[in-house]
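The values are calculated or read from the model by the stated rules, or taken from the named source; none is laboratory data. For clarity, every value in this text was computed on a predicted model and none was experimentally measured. Don't worry about glycine lacking a Cβ; one is built from the backbone with ideal geometry, like all the others, and counts go over all protein chains shown. Just so you know, the surface numbers come from the protein's heavy atoms only, side chains and all, with ligands and any DNA or RNA stripped out. Shrake-Rupley method; radii C 1.70, N 1.55, O 1.52, S 1.80 Å.
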Amino acid sequence: MLQSSDWIIHLDEETLLTKDSLTGVINFVTEGQHSFGQGVITYANEEIQSWFTTIADTVRVGMDYGIIRFSLSYLHRPYFSWKGSYVVANAGAELKLTWDHGPEGSIAEDCYMAMLAMREGYTFDFIEGDMWEKSTFNVKDFMKQRSRWVQGIFKVFKCREIPWRCKWGLSIMVFAWLTMPFTTSNIFLAGICPIPTPQWLDFLMGFIGSVFMLMYVVGAMKSFNIKRLGITRYVLLLLAPLIIMPLSVLVETVSVINAMYLGLNKNSFYVVKKDTVQLINSNVV
């Protein structure tokens, strides 16, 4: 039976602990200042099944080192949500909150739990040391995974049980998703049908685009190992996210359209299959 002083580490089935992450978890638990914690997950340390999805996921690593690290380290609140794996929770706090919250908390249960914990006054912190996972094995799973995230977080955003002071960050995310089809089309249409805009708007759009590209590059720097790959392959893989970024953004946009506008797979929890053993056996047969 768990005691209130115990700690729980929630992982996806394929998440691997590393020496650095275990050290970070021990330091976090020993300090005991916060009830919940999370660190970085990278996706390129094991055998890569899909180069496109792995490189596209470097933006997630960039977000871990950017917005999630900032909000957990300095604000000690996950205003922009967090991941559903690499969740370190105090058992007493988790038992009080529980994971069972009906339809609103069943698709993006990690996001709902984070908002509920903030509402109840619990604090969070960033954990040093990364864990390893695999990206989705194909583009179809990649899109369904993104669609589930969008639908789940949108449900949390609409939930009346979560006060506005906790979900203002989610409102920015939802607004960005709702306008994503238009902002993405602007990337391709701006050169064909240019529209005069004020300098301040040009600067703002350029700044946002630059930060977005920086997240890809930083994510690639933290995902790939220069000692294992060599300098040439490492540099090429740093440039790869920028090369595939237009296609990656297009796939993300289609996923958002499916979730927000078409309502495909609504109220369903799509489980991404990452069983490499099963994949090897099927290839042998």
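Would it be correct to say that Phe175 is aromatic (Phe, Trp, Tyr), surrounded by fewer than 21 Cβ atoms within 10 Å (Cβ to Cβ) and over 26 Å from Lys222 (Cα atoms)? Give the derivation first.
Values: aromatic (Phe, Trp, Tyr): yes; surrounded by fewer than 21 Cβ atoms within 10 Å (Cβ to Cβ): yes; over 26 Å from Lys222 (Cα atoms): yes.
For Phe175, the condition - aromatic (Phe, Trp, Tyr), surrounded by fewer than 21 Cβ atoms within 10 Å (Cβ to Cβ) and over 26 Å from Lys222 (Cα atoms) - is met.
Might you let me know whether the stretch 80-103 holds any residue that is open to solvent by 20 Å² or more (accessible area, probe 1.4 Å), closer than 23 Å to Thr42 by Cα and in contact with a strand residue (DSSP E or B) (Cβ under 9 Å, 6 or more places away or on another chain)?
yes
Looking only at the stretch 218-254, filter to residues that are more than 15 Å from Val59 (Cβ to Cβ) and among the hydroxyl-bearing types (Ser, Thr, Tyr); which one of those is least open to solvent (accessible area, probe 1.4 Å)? Give the derivation first.
At the first step, the residues of the stretch 218-254 found to be more than 15 Å from Val59 (Cβ to Cβ) are 225-236, 254.
From what is left, the residues that are among the hydroxyl-bearing types (Ser, Thr, Tyr) are 232, 234.
Details: Thr232: 97, Tyr234: 32 Å².
Per the stated criteria, the residue is Tyr234.
Report, by residue number, each residue of the stretch 153-162 that is more than 13 Å from the chain's Cα centre (by Cα) and open to solvent by less than 40 Å² (accessible area, probe 1.4 Å). Reasoning before the result, please.
So in the stretch 153-162, the residues more than 13 Å from the chain's Cα centre (by Cα) come out as 154-162.
Listed by number, the residues that qualify are Val156, Cys159, Ile162.
Report whether or not Gly191 is free of Cβ contacts under 8 Å to residues at least 12 places away in the same chain and not in a helix (DSSP H, G or I). Before you say what the answer is, go through the steps one by one.
Details: free of Cβ contacts under 8 Å to residues at least 12 places away in the same chain: yes; not in a helix (DSSP H, G or I): yes.
Spelling it out, Gly191 is indeed free of Cβ contacts under 8 Å to residues at least 12 places away in the same chain and not in a helix (DSSP H, G or I).
Exactly one condition in (1) of a type outside the set (Ser, Thr, Tyr); (2) over 22 Å from Ser81 (Cβ atoms); (3) in contact (Cβ under 8 Å) with a residue 40 or more places away in the chain is not met by Ile8; state its number.
Every listed condition holds for Ile8 apart from (2).
Hey, among the residues in the stretch 19-42 that are open to solvent by 10 Å² or more (accessible area, probe 1.4 Å) and not in a helix (DSSP H, G or I), which one's nearest to Ile9 (Cα to Cα)?
Once the filter is applied, the top-ranked residue is Ser35.
Out of Phe124, Phe70, which single residue is surrounded by fewer than 21 Cβ atoms within 10 Å (Cβ to Cβ) and within 20 Å of Phe28 (Cβ to Cβ)?
On the way: Phe124 fails: surrounded by fewer than 21 Cβ atoms within 10 Å (Cβ to Cβ).
Matching residue, one of Phe124, Phe70: Phe70.
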